[in-house]
1. Calculate, in nm to one decimal, what N81 and R101 gain on full extension: separation in residues at 0.36 nm each, minus their alpha carbon distance.
2. Tell me the label-point distance for the pair V90, R30, using the 7 Å Cα-to-Cβ offset, in nm and rounded to one decimal.
Amino acid sequence: IIMIYDHDKDDLLAFLTTRSADGGQALRDRFSPQYAAYLWLSSSMKYYNSVTTSRRTIYSEQEVVQKYALATLYYSTGGENWTDNYNFLVASEGGEVNECRWQSWLGGVTCR
């Protein structure tokens with residue numbers, strides 16, 4: 001199943017809420033790592049649609065959940081203060097957010 005978000009934060013929030021173990025309670029807390037991850041995710045999911053010439057995002061549900069989980073890990077462990085942040089939350093060339101590239105020579109995310 002492919003999900004399409006046209007920067008509709010409400011749709012993304014609803015989707016993440018249904019996938020959250022706590023029913024989205026932490027997502028509604030504006031000071032939680034989950035909320036920070038949601039804000040980051042909602043602002044970073046983009047691609048160019050040549051038919052409508054608008055900015056949209058197409059990721060599988062698994063990719064959305066994976067990006068959200070890794071961003072939550074980043075925010076909940078103070079990733080902005082890590083000695084090496086392994087390029088977490090950094091978009092690849094072309095603007096795509098590919099979590100499989102969040103790594104450095106020290107380590108990071110490994111995808112198979």
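Any read-out appearing in this document is the output of simple, stated calculations on the displayed coordinates, not a laboratory observation. Because the structure is a prediction, the values reported are computed rather than measured. Every residue, glycine as well, gets a Cβ built from its backbone with ideal geometry; the counts of neighbours run over all protein chains shown.
1. Details: separation 20, 0.36 × 20 = 7.20 nm, distance 1.95 nm.
Result for the pair: 5.3 nm of gain on full extension.
2. Placing both labels 7 Å beyond Cα along the Cβ direction yields 3.1 nm.
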